[in-house]
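This report refers to the structure that appears directly beneath it.
The values are calculated or read from the model by the stated rules, or taken from the named source; none is laboratory data. No experiment lies behind these values; they were computed from the predicted model shown. Heads up, the Cβs are rebuilt from the backbone with ideal geometry, glycines too, and the neighbour counts pull from every protein chain shown. Ligands, DNA and RNA are stripped out before the accessible areas are found, and what is left, the full protein with its side chains, is counted by its heavy atoms. Shrake-Rupley method; radii C 1.70, N 1.55, O 1.52, S 1.80 Å.
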Amino acid sequence: MMENVKYILIVSQYYYSHHCFVVSANEENFREKALTLIEKLEDYKRSDDGQREYKYGSERETAYRCIGSRWNVNDVGDIYFIPCPHILAALNNAAEYNSELQYAQKYNVRNMPKKRLAQIEAKVFEHHRYSDIRDIVESIFEIL
């Protein structure tokens, strides 16, 4: 881990919806906890019943061996782990994913046919509720 990284901003994204959480980069077994979080979030966000392999941004054995750069995991919705040197940096990074951005993206989505928009909103409600995402993150990390 890089010495100046003290916090990690975790961002869970699903369509236009983003939820952000700040955790300590110094938590014991951070990497294993992050891998577990990815698995739990992917299980929650996926709507198919079939078992697919988990995606970690690379092979599980080599994924995120050193905290130092942004870690992107792309599956059904994305998961970002953004290292930050201080809490203010984490909050500034989180502002990128604030409700205005979500609204702006949703507004652009509104150019879609109403039936498609209703399908997307139903998926977001079913697979990306803030309370559910928070509970998953809290089951693994201490949210600051």
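Observations, loosely collected:
- Efficiency of FRET from Cβ geometry, E96 and S58, R₀ 25 Å, rounded to 0.05: 0.55
- Evaluating 6.51 cos²θ - 1.76 cosθ + 1.60 at θ = phi - 60° for every residue in the range 123-136, the Karplus couplings come out as 5, 4, 5, 7, 10, 8, 6, 4, 4, 5, 5, 4, 4, 5 Hz, glycine and proline recorded as x.
- Measuring between alpha carbons in the structure, the pairs from K40/K114; K55/K115; K55/K114; K45/K115; K6/K45; K6/K123 lying more than 26 angstrom apart are K40/K114; K55/K115; K55/K114; K6/K45; K6/K123.
- Counting 0.36 nm for each residue step from E138 to E27 and taking away their Cα separation leaves a gain of 38.7 nm.
- Taking all protein chains together and a 1.4 Å probe, the residues Y54, Y16 rank Y54, Y16 from largest to smallest accessible area.
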